[in-house]
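Novice: Quick one: the structure is below, and I'll ask about it shortly.
The values are calculated or read from the model by the stated rules, or taken from the named source; none is laboratory data. The shown structure was predicted, so the numbers you read here are calculated from the model rather than taken from an experiment. FYI the Cβ positions are ideal-geometry reconstructions off the backbone, even for glycines, and counts take in every protein chain you see.
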There are 2 protein chains.
Amino acid sequence: MKKAIFYHAGCPVCVSAETDLLNLIPSNEVEVVHLGSEPQKVKDAEQAGVQSVPALVLANGNVLHINFGASIEDLK
Amino acid sequence: MKKAIFYHAGCPVCVSAETDLLNLIPSNEVEVVHLGSEPQKVKDAEQAGVQSVPALVLANGNVLHINFGASIEDLK
């Protein structure tokens with residue numbers, strides 16, 4: 001099966017979302033791409049429909065853009 | 001371990017995102033809540049920090065809001 005690809009850019013929000021999501025998704029089903037470290041892959045991400053990071057491009061071509069809101073814990 | 005909770009409201013976008021995400025996340029690690037069918041849970045979702053659906057509330061309290069962009073396939 002084609003893997004999902006998780007695109008991020010190393011910002012704290014991305015790293016947090018990455019950790020959270022990757023805890024849930026078996027690691028053999030997702031590839032992680034750091035667009036800050038691998039800028040040559042920005043074009044791939046754009047072609048896949050990624051408009052912002054973090055985003056998860058699924059094996060079926062769907063793109064989920066992830067907005068990480070502040071958690072309640074952070075507001076206490 | 002506390003499960004993650006996936007909140008949605010039965011709109012086609014939610015259902016698509018739900019199917020996509022739930023294909024990746026082992027089903028024993030996530031609970032799915034349909035806020036249209038279970039409106040009494042809206043308060044729980046709000047208290048967890050959910051501002052829009054679909055959203056995934058993680059076991060650690062972080063909330064990932066998911067924006068599903070049109071896939072490239074849909075544009076062809």
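Novice: Take residue A:37 and tell me if it is among the small types (Gly, Ala, Ser) and at pLDDT 90 or above.
Specialist: Considered against the rule, which asks whether it is among the small types (Gly, Ala, Ser) and at pLDDT 90 or above, residue A:37 comes out as yes.
Novice: For segment B:33-61, how many residues meet the condition of being surrounded by fewer than 16 Cβ atoms within 10 Å (Cβ to Cβ), more than 12 Å from chain A (Cβ to nearest Cβ) and under 10 Å from the mean Cα position of the chain (by Cα)?
Specialist: 0
Novice: To continue, here is another question. Which one is farthest from residue A:3 (Cα to Cα) among residues in segment B:4-26 that are more than 11 Å from chain A (Cβ to nearest Cβ), free of Cβ contacts under 8 Å to residues at least 40 places away in the same chain and not in a loop (DSSP other than H, G, I, E, B)?
Specialist: Taking the candidates together, the pick is B:12.
Novice: For segment A:23-47, what are the residues that are within 16 Å of residue A:9 (Cα to Cα) and not aliphatic (A, V, I, L, M)?
Specialist: A:31, A:34, A:36, A:37, A:38, A:39, A:40, A:41, A:43, A:44, A:46
Novice: What single numbered condition from (1) modelled with pLDDT under 90; (2) β-branched (Val, Ile, Thr); (3) farther than 19 Å from residue A:66 by Cβ fails to hold for residue B:19?
Specialist: (3)
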